[in-house]
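What follows is a set of notes on a single structure, which appears directly below.
The values are calculated or read from the model by the stated rules, or taken from the named source; none is laboratory data. Note that the coordinates shown come from a computational prediction; the quantities given were computed from them, not determined experimentally. Quick reminder, even Gly has a Cβ in these numbers, built from the backbone with ideal geometry, and neighbours come from all protein chains shown.
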Amino acid sequence: MARQFVGRERERQLLDARLRDALAGDGQVVLVAGEPGVGKTALAEFAVTRAKSLDMTVGWGGRATEEEGSPPYWPFRQVVKATGGVGVELWDPRADRGPGERFRLFQAVTEFLLAAAQPAGLLVVLDDLQWADPASVLLLVHLARNVAGSRLAVLGTFRHTETGGLRAGLAELARESAVSRIRLDGLTETEVGQQLAGVTGWAVPATVAAAICERTQGNPFFVAELGRLLGSSGEVAAELPAGVRDAVRARLGRLSADCAAVVSAAAVAGPSWTRPRSRRSPTGPWLRCWRPSTRRLAPGS
Ligand SMILES: Nc1ncnc2c1ncn2[C@@H]1O[C@H](COP(=O)(O)OP(=O)(O)OP(=O)(O)O)[C@@H](O)[C@H]1O
Ligand SMILES: [Mg+2]
């Protein structure tokens with residue numbers, strides 16, 4: 001749990017309302033999207049605390065894994081286990097053999113979770129869906145189509161920057177009326193100040209909070225890392241903390257060589273820059289890595 005959870009008033013209210021809807025028999029799916037470190041898991045933890053205070057059962061354990069070798073439906077296997085289905089054998093290996101077998105498995109898991117949601121209400125958390133296997137995403141779509149009239153609330157989190165294998169499923173989910181989406185952005189300057197106070201244990205001057213907010217764009221992971229290095233004078237260390245360096249390296253590692261070159265150039269240029277338009281400027285890397293439909297940098301292949 002976040003040491004001291006700050007901000008996110010609107011998101012907390014929305015989650016609270018959706019949990020109450022589910023408790024009243026109007027099942028819900030909420031998807032929380034955002035960049036790495038922006039606070040998706042922390043918000044999911046808030047939802048768990050809230051659900052417990054409403055006496056709902058919680059099935060956390062749906063964390064997908066990036067490691068190779070986890071069996072299909074891993075997030076759902078974890079959830080079913082956490083929801084008391086220890087001896088339940090739902091994972092029919094024949095499910096890979098064809099649509100009919102797969103449908104039967106989807107239906108069996110859905111019925112199990114809908115039943116587990118009676119009578120107290122059940123919150124299922126599927127964290128890090130960007131790493132889920134494609135079959136799990138299809139199962140989530142099936143579940144979203146069947147939650148109406150149940151006391152089941154499903155909360156899925158994912159990094160919107162890494163949705164490669166998730167895109168088709170997300171498009172399907174967007175059509176379902178039971179699905180709400182939350183897009184998490186960085187914290188405000190005031191909230192960054194509050195988070196820094198929690199991390200350091202003292203009231204950080206507003207000018208320092210503003211500088212850190214600008215440097216981190218309010219990303220709570222980066223704020224916490226920089227906060228830990230704040231000297232007692234309130235000076236922001238010139239050196240980047242190792243955690244930040246590793247996170248930035250990992251993100252750059254997912255980009256193509258062209259995109260990494262553009263990002264490196266942009267890092268020197270500063271926070272505000274535009275795509276060069278002059279015919280003489282070296283636009284090659286730009287054109288190869290810019291995805292016009294989303295105005296984002298394309299990941300490496
Ligand atoms: N609202 C908040 N208030 C205080 N601290 C926060 C808040 N949100 C996140 N944090 C802290 O920031 C760090 C990163 O948050 P979190 O792990 O939830 O990010 P994430 O979006 O799940 O990242 P990832 O994509 O890597 O899983 C954690 O230490 C968390 O406790
Ligand atoms: Mg997380």
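Worth a mention:
- Residue check, Arg151 touching a helix residue (DSSP H, G or I) at 6+ places or on another chain (Cβ under 8 Å), among the charged types (D, E, K, R) and either over 24 Å from Ala168 (Cα atoms) or at pLDDT 95 or above (or both): yes
- Residue within the stretch 214-228 that is small (Gly, Ala, Ser) and either assigned by TED's automatic domain parsing to the domain that holds Asp55 or surrounded by fewer than 16 Cβ atoms within 10 Å (Cβ to Cβ) (or both) present: no
- Residue match in the stretch 161-175 (condition: within 16 Å of ligand 2 (Cβ to nearest atom), under 28 Å from Leu252 (Cα atoms) and in contact with a Lys or Arg (Cβ under 9 Å, 6 or more places away or on another chain)): yes
- Residue list for the stretch 24-58, restricted to those being away from ligand 2 (no atom under 12 Å from the Cβ) and hydrophobic (A, V, I, L, M, F, W, C): Ala24, Val29, Val30, Leu31, Phe46, Ala47, Val48, Ala51, Leu54, Met56, Val58
The rows are residues; the columns are (1) free of Cβ contacts under 8 Å to residues at least 40 places away in the same chain; (2) over 23 Å from Leu240 (Cβ atoms); (3) in contact with a Ser or Thr (Cβ under 9 Å, 6 or more places away or on another chain).
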{"position": "Ala116", "(1), (2), (3)": "no, yes, yes"}
{"position": "Leu143", "(1), (2), (3)": "no, yes, yes"}
{"position": "Leu155", "(1), (2), (3)": "no, yes, no"}
{"position": "Gln195", "(1), (2), (3)": "no, no, no"}
{"position": "Gly198", "(1), (2), (3)": "no, no, no"}
{"position": "Val204", "(1), (2), (3)": "yes, no, no"}
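- Tally of residues being acidic (Asp, Glu) and more than 17 Å from Asp128 (Cα to Cα) across the stretch 158-180: 2
- Only residues that are of a type in the set (Ser, Thr, Tyr) and either more than 18 Å from the chain's Cα centre (by Cα) or surrounded by fewer than 24 Cβ atoms within 10 Å (Cβ to Cβ) (or both) were counted in the stretch 137-158, giving 1.
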